[in-house]
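A short worksheet on the structure shown next.
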Amino acid sequence: MSDGRAVAQTHGSAPGRNADRDVTVPGFRNLRDVGGYPLLGGGTTAPGRLLRGDFPAPASAETLDGLRRVPIGLVIDLRGDEETTADPSPFPGWGIAVHAEPLFEGSASSFVAQRFSIEQMYAHLVQHSGAALARVARAVATTDTVGATLVHCTAGKDRTGIAVALILSAIGVDRRHVVADYADTERHYDQAWRRERIAALQQHHVVDLTDVIDLLATSPAPAMAAVLDRIDARWGSPEGYLRAHGLRDEELGGLRDRLT
């Protein structure tokens, strides 16, 4: 970034991890612009329109200053009640519109307690949260706010990963780039963060969770490829999935217009 705005570089045919998409704002560990991805029909996704991220912790005056430079017009918060109660969103107090759209039924931490694999968790999310995922896409497509839309959960990995993968797929981003965008999250979480995350959750659940570190801290490309294949097999395509759960054709068109 040269002027504080979200910047993404356009790539050739080979997808890969790309630090140039990172947006540096204090408090965020995993904030990225999804602009610059090639579209199957030609063209690219537009920079400065859609960002994906984690929950800013700590959220400070420096965080707000950084977001103003992006700038952010709408935040879509995918966290559940347990998470928002523990860590309330700072964005309304900063005058940034927030659309709350919890994706998990019940507590997100219950998947950890039940020892779900990433693949099992994603299959559950796709099966049970389709209407909410369609509403996320609708919010991106129909917002009248000025500035980028930020989609975030807690780590910006699983719920954000599925929501953004559906949106990128629906506007025609090549699947290799969709999967690579998801996998790029892992670059942002080092071993120290993983240890802290495990320790915090172990204290919450009072149980040893070292055997679910993959669920908590990794974003393997095969997991996203598998869930998109599952969507294709049942609904024909990500667009078909979103339509089946309430997104209208004109809203899909609006999504393309806004993000490309």
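Points worth noting:
- Each peptide among 90-98, 60-68 gets the average number of other Cβ atoms lying within 10 Å of its residues, and from highest to lowest they stand as 60-68, 90-98.
- Cut-off 17 Å (backbone N to label point 7 Å along Cα→Cβ of residue 196), residues of the range 24-38: 25-31
- Packing-based order for 126-135, 46-55, 172-181, using average beta carbon neighbours within 10 Å, highest first: 46-55, 172-181, 126-135
- In this calculation the C-beta distance from residue 116 to residue 146 is compared with R0 = 35 Å, giving a FRET efficiency of 0.35.
- The slack in the chain from residue 187 to residue 248, taken as 0.36 nm per residue of separation less the alpha-carbon distance, amounts to 18.4 nm.
- Contact order for the range 15-85, expressed relative to its length and based on alpha carbon pairs under 8 Å spaced 6+ residues apart, stands at 28 percent.
Only the coordinates and a few stated rules stand behind these numbers; no lab work does. In this text the structure is predicted, and so the values were computed from the model without any measurement. Note: ideal-geometry Cβ built from the backbone for every residue, glycine included; neighbour counts use all protein chains shown.
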